[in-house]
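**Q** Have a look at this one.
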Amino acid sequence: MIDYIRGSVTELTPTFLVIETGGIGYLVNISLSSFSKLEGRKEFRILIHEVIREDAHQLFGFADNEEREIFRHLISVSGVGANTARMMLSSLSPAEIEKAIMSSDVNVLKGVKGIGLKTAQRIIIDLKDKMGKHAAGGEIFAFADNTKREEALSALVMLGFAKSAVIKILDKIVKEEKNLTVEELIKKALKNL
């Protein structure tokens, strides 16, 4: 499974990019949200989600972990495929999608091309509880750099701490101080665990 690709962006359009690394160019499907973050960049590390089917092997790319997590939540819903999830992320920001799901706002989701009433309702029913468990005070992504938090979380869980306890402490730390390095996050969390 590919987690990310770091390389030179050789082609960039609103729907896909070609990123070259090791002499190989990978075609990666992206949303408009990722496109706007990548514009003007020549070198980049793009987060990947692979979709392997009998008739196709597709790569979907994301500028940040927040967008990839929402994408993965969306494709877990029956009837929502990778292209539909990408369309949703092109129409709405990850925060807008999360807010619509948490507030059961069917009309916001229905406003996305290809999403009907039943699909919007299914997304809300299937994801509201999943997202609610991760939410801290109703906000899943209350901080700018989710990657640092994820790295700190992974390190602390590997050290043997309970994931639920670590998540609570990291969320509290990141809300108080947003610009910490991974090492600083881990040190502060260790003092509180």
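**Q** Looking at L156, is it exposed (fewer than 14 other Cβ atoms within 10 Å of the Cβ), over 18 Å from S31 (Cβ atoms) and either modelled with pLDDT of 80 or more or in contact with a Ser or Thr (Cβ under 8 Å, 6 or more places away or on another chain) (or both)?
**A** no
**Q** Let me ask you something else. Any idea which residue in region 37-87 is surrounded by the fewest Cβ atoms within 10 Å (Cβ to Cβ), counting only those that are over 22 Å from E150 (Cβ atoms) and either among the polar types (S, T, N, Q) or within 15 Å of the chain's Cα centre (by Cα) (or both)?
**A** By that ranking, first place goes to S78.
The values are calculated or read from the model by the stated rules, or taken from the named source; none is laboratory data. Values in this document were obtained by computation on a predicted structure and should not be read as measured data. Heads up, the Cβs are rebuilt from the backbone with ideal geometry, glycines too, and the neighbour counts pull from every protein chain shown.
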